[in-house]
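Below is one structure, written out as structure tokens; comments come after it.
What follows is calculated from the coordinates using simple rules that are stated; it is not laboratory data. Bear in mind the structure is a predicted one, so any value in this text is a computation, not a measurement. FYI the Cβ positions are ideal-geometry reconstructions off the backbone, even for glycines, and counts take in every protein chain you see.
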Ligand SMILES: NC(=O)c1ccc[n+]([C@@H]2O[C@H](COP(=O)([O-])OP(=O)(O)OC[C@H]3O[C@@H](n4cnc5c(N)ncnc54)[C@H](O)[C@@H]3O)[C@@H](O)[C@H]2O)c1
């Protein structure tokens, strides 16, 4: 079984961010054409400009909380490649910290809309097209140790990531026999802009066997594996990439 993607088109949301960008690099190394999609279009463009043969790849503006924005980005992808993406990595995400008793409605809604709803609707939009063409595909979602274990001052974020784990399993069950595999990854603390200005290192690293943060590339390799045929018997899995959190 090969991890060479043979020119398949991969949509990476949050493609301008730490893990999304690292994933674009790994996927291109392994033979995919990538679409870096981000609400921050400039960072998506930067991702593509850093790839070998940038003209083979595409940066698109996409707000995963808006179905209209998702649809117009997928239209642009289909126009460029004459096919919808067959690989999807939902890497867009937001994290703001607050104790549950101080959390405002806007912060709660943002976590839920980007992390949970966005993951669902981006997947749904692509899956509809693949089913119409009876084409195979793979989806990988990013949950978090917050989703698996719950983290303090992140009740809303933890809930949104727990929801990503459940939707992964539910969709995986629906789609496996149709040739579309859905899996997810639970990263521990990864060195990206999302967590850099937070106190999370103090609460997570002491419970991490390796005693350090992970690098975006260390998560990207697992995401790419789950998108590849090498993981052909993995369906609805939630794989921890944590450096040994709470062992
Ligand atoms: N860094 C960590 O420690 C860590 C741990 C566990 C899970 N995660 C998850 O990994 C994923 C990637 O995070 P990261 O660490 O690379 O963070 P990051 O902040 O570097 O990247 C996230 C990207 O998502 C984009 N984004 C935010 N809202 C969006 C929207 N509405 N539409 C489209 N794009 C949007 C941002 O512009 C950014 O480029 C997220 O889902 C995050 O929750 C990260």
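Filter the stretch 173-203 for residues that are surrounded by 21 or more Cβ atoms within 10 Å (Cβ to Cβ) and assigned to a helix (DSSP H, G or I); which is farthest from the ligand (Cβ to nearest atom)?
Here is the first cut: in the stretch 173-203, the residues surrounded by 21 or more Cβ atoms within 10 Å (Cβ to Cβ) are 175, 180-190, 192, 200.
Narrowing the set further to residues that are assigned to a helix (DSSP H, G or I) leaves 175, 200.
Details: 175: 21, 200: 7 Å.
So the residue we want is 175.
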Among (1) without any contact (Cβ under 8 Å) to a residue 40 or more places away in the chain; (2) within 14 Å of the ligand (Cβ to nearest atom); (3) in a helix (DSSP H, G or I); (4) within 23 Å of residue 27 (Cβ to Cβ) - the single one residue 164 does not satisfy
(1)
Across the stretch 133-151, what is the total count of residues that are in contact with a helix residue (DSSP H, G or I) (Cβ under 7 Å, 6 or more places away or on another chain), farther than 21 Å from residue 216 by Cα and in contact (Cβ under 8 Å) with a residue 24 or more places away in the chain?
1
Could you tell me whether any residue of the stretch 214-225 is touching a strand residue (DSSP E or B) at 6+ places or on another chain (Cβ under 9 Å) and assigned to a loop (DSSP other than H, G, I, E, B)?
yes
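Rundown of residues vs (1) over 17 Å from residue 93 (Cβ atoms); (2) part of a helix (DSSP H, G or I), yes/no style:
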position: 127; (1), (2): yes, yes
position: 135; (1), (2): yes, no
position: 148; (1), (2): no, yes
position: 151; (1), (2): no, no
position: 159; (1), (2): no, yes
If you go through the stretch 67-113 one residue at a time, how many are touching a residue at least 24 places away in the same chain (Cβ under 8 Å), surrounded by fewer than 14 Cβ atoms within 10 Å (Cβ to Cβ) and under 30 Å from residue 4 (Cα atoms)?
1
Please give the number of the condition residue 136 fails out of (1) within 30 Å of residue 246 (Cα to Cα); (2) surrounded by fewer than 18 Cβ atoms within 10 Å (Cβ to Cβ).
(1)
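Inspect the stretch 100-108 for any residue being touching a helix residue (DSSP H, G or I) at 6+ places or on another chain (Cβ under 8 Å) and within 18 Å of residue 137 (Cβ to Cβ) and give the result as yes or no. Can you show your working first?
Quick first cut of the stretch 100-108, residues touching a helix residue (DSSP H, G or I) at 6+ places or on another chain (Cβ under 8 Å) only: 100, 103, 107-108.
If we keep only those that are within 18 Å of residue 137 (Cβ to Cβ) as well, we get none.
No, every residue in the stretch 100-108 fails to be touching a helix residue (DSSP H, G or I) at 6+ places or on another chain (Cβ under 8 Å) and within 18 Å of residue 137 (Cβ to Cβ).
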So, of the residues in the stretch 16-32 that are more than 11 Å from the chain's Cα centre (by Cα) and assigned to a loop (DSSP other than H, G, I, E, B), which turns out to be farthest from the ligand (Cβ to nearest atom)?
31
Using the structure shown, decide if residue 79 is over 30 Å from residue 153 (Cα atoms) and within 16 Å of the ligand (Cβ to nearest atom).
no
Failed criterion for residue 93 (all others in (1) assigned to a loop (DSSP other than H, G, I, E, B); (2) more than 23 Å from residue 197 (Cβ to Cβ); (3) under 13 Å from the mean Cα position of the chain (by Cα) hold)
(2)
Tell me which residues, restricted to the stretch 45-57, are within 15 Å of the ligand (Cβ to nearest atom) and either in a loop (DSSP other than H, G, I, E, B) or buried (at least 20 other Cβ atoms within 10 Å of the Cβ) (or both).
47, 48, 50
Is it the case that residue 159 is over 23 Å from residue 87 (Cα atoms) and more than 12 Å from the ligand (Cβ to nearest atom)?
yes
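Assess whether residue 64 counts as being within 15 Å of the ligand (Cβ to nearest atom) and touching a residue at least 24 places away in the same chain (Cβ under 8 Å). Outline the logic, then answer.
Numbers: within 15 Å of the ligand (Cβ to nearest atom): yes; touching a residue at least 24 places away in the same chain (Cβ under 8 Å): yes.
When the stated conditions are applied, residue 64 passes them.
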